[in-house]
Structures are given as structure tokens and as C-alpha cells.
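Enquirer: Sharing a structure below in C-alpha cells format, with a few things to ask.
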Amino acid sequence: MEIRRVCIVGASGKLGQYMIQHCLDRGYEVVCVCRERSVQKLDKFNGKISIVPGATDDREVIEKAVEGCDGVLTVLVPWGVSSYSAGTAQAVLDFAPSDARLIFSCGWHITRDGKDVYPWPLKAFVKIFGWLARKARFADLNDQVEACDRIFASDKRWTVVRGSDLEGGESQGLPLWSRHVGDPVLKSNLTRRVDFALFMVEALVNDDLIHEAPAIVGCQTPSALAFKAARQI
Ligand SMILES: NC(=O)c1ccc[n+]([C@@H]2O[C@H](COP(=O)([O-])OP(=O)(O)OC[C@H]3O[C@@H](n4cnc5c(N)ncnc54)[C@H](OP(=O)(O)O)[C@@H]3O)[C@@H](O)[C@H]2O)c1
């Protein structure tokens, strides 16, 4: 399916803004959803995008924004303790056109089949940050888990992109991916944000990623380079 019109849900954050630029570079028409108070963060794209302001879990906002879209890129964030992520994912699943490509972002901590093998610092972070965030009612990592479980159960044309630790900097190219955290190619656990966004946008036209939850890693990291050298890619 040809991609012409793309909705970016959660467009005003770092990942969202990189995705806007990648979409504009490809000539896509871009419709953005972001909170009213964050609309000014998108001033640099004035005249090039349209914006539907509102919370990303507002079903009316999402219904309006995804109308006629061939693809929807959704930044899933677990802020607050009111199922913000799950509400966002559900609205996108309910209202996006049935043949649209739906790409969602999350972190490595999400597992689809329970076969991921996590490094201990990540396990410790999820346990400690998860507990503290819930206690302070500032975020709920389980909300992102619930959001992804709903996506995994859907028969829409979804992909859940699981980001490693992130860093800034210029693009190094399309990240490599694997099905399970713990696979050697992912060992470096680092991706540039701009390339996380690149992977999300490229997934719109990669049907091999439909119903996959790729865990990604930067293509110039030591583990990715070792993987490519072993296969002479
Ligand atoms: N940060 C990491 O190290 C990391 C690692 C792996 C994967 N990820 C994944 O990458 C994605 C984005 O991560 P990021 O760190 O780069 O963040 P980001 O792109 O800056 O995006 C943060 C998003 O959260 C929204 N937000 C912030 N506070 C909020 C609140 N209180 N209520 C509702 N929305 C709020 C922002 O909207 P406003 O502009 O309106 O504030 C923005 O859309 C997420 O899916 C995350 O799971 C992140």
C-alpha cells in the first residue's frame, strides 16, 4: 500500500519531531496530535504539517486525526496513572482505517512472548523506576505493558518498535533489529533517537514487520558491527 498521509500521535516530543522530519523528507502529508500546551514546540514545521491539539488518549481527537491516513506513528508514553498509554493505543486501534500501517514505540522492557533475556541493569531500572514512578503517581510502566498487550491481540496491521537506551547525535543509518532482547546483535543496547525515528518511519513501508515487535540497536554500535562482520553484510 502506498503511503501518502501519516498521523503522528505524540508528535511534540523528541522522537515525534524526528519522525515528522523523516515523513516530510519522504513527501508524506503529516497530521500531528500533541497536547494543546505543546503545539508551539512544532512552530518550526509551520505551513508543512497540520495539527489536531489534544491529549493522545482523547478518542474524539484521535478519530479526527487518523481519518484518511495510510499510516499512524504512535509514541506510547506511560505518564500518569490513568491508563494514558492504553487509552492512546486503544483509540488508534479503534479509529485508524482498517488497512493503515500502525507503528507504536516503546522500550525493550516490553516483551511479546516472554522469551526476552534482559541485562540486569535494565531489570533493576524497571523494578526501581517502576516502583518509584507508581508511588509518586507520575508514571505507570504497567500501562505501557497493557497498551502493548492490546496491540498484540489486534488483527490490525501493527508493528511495535522496542527502543534500546537512546542517545542524541546525527543519524548513523537504519538500526538493526532482532526478535528477542538477549540476542547478541542487540548487546550494545544503544540507538540514536533520530535513528529510532527512522526505523519507525521505514516500518510504514516494510510489510515484513507486520505483527512483529522488533527490538532495535544502532547500526554502528559494536554488537551491530560484529553481527554484520560475521555475516559480511
Ligand atoms: N527515553 C529513553 O531512554 C527510551 C528508551 C527506549 C524507548 N523509549 C521510548 O521512546 C518513546 C519516546 O521516548 P523519549 O524519551 O524520546 O520521549 P519524547 O520523544 O520526548 O516523547 C515524550 C512524549 O511524552 C509526552 N509527555 C510528556 N509528559 C507528559 C505528560 N505528563 N502527559 C502526557 N504526555 C506527556 C510528550 O508530549 P509533550 O510534548 O506534550 O510534553 C511527548 O509526546 C517512548 O515510546 C518510550 O517508551 C525511550
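Nothing in this text is a laboratory measurement; each read-out follows from the coordinates by a stated rule. Because the structure is predicted, anything quoted here is derived from the model rather than measured. Here the Cβ positions follow ideal geometry from the backbone for every residue, glycine too, while neighbour counts run over all protein chains shown.
Enquirer: Across 10 Å bins from the origin, how do the percents of Cα pairs in the chain run, short distances first?
Expert: 8, 33, 38, 18, 2
Enquirer: While we're here: Roughly how many nanometres apart are two label points built 7 Å out from the Cα toward the Cβ at residue 152 and residue 228?
Expert: In this crude label model, residue 152 to residue 228 measures out at 3.1 nm.
Enquirer: Another question about this same structure. Could you tell me which of 110, 1, 184 has its Cα farthest along the dipole of the chain towards the positive end, charges placed at Cβ (Lys, Arg +1; Asp, Glu -1), taken about the Cα centre?
Expert: Of 110, 1, 184, it is 184.
Enquirer: With +1 on the Cβ of every Lys and Arg and -1 on the Cβ of every Asp and Glu, and nothing else charged, how large is the dipole of the chain about its Cα centre, in debye rounded to the nearest 20?
Expert: 700
Enquirer: Could you name the lysines in cross-link range of residue 127, using Cα to Cα under 23 Å and dropping any fewer than eight places away on the same chain?
Expert: In chain and number order, the partners are 115, 135, 187.
Enquirer: Of all the stretches in the chain, which is the longest one without any exposed loop site, taking GluC sites (Glu not before Pro) in a DSSP loop (any state but H, G, I, E, B) with at most 10 other Cβ atoms within 10 Å?
Expert: Working: sites that count: 2, 170.
Value returned for the longest uninterrupted segment is 3-169.
Enquirer: Between residue 63 and residue 43, what length in nm is gained on full extension when 0.36 nm per residue of separation is reduced by their alpha carbon distance?
Expert: Working: separation 20, 0.36 × 20 = 7.20 nm, distance 2.37 nm.
Gain in length upon complete extension: 4.8 nm.
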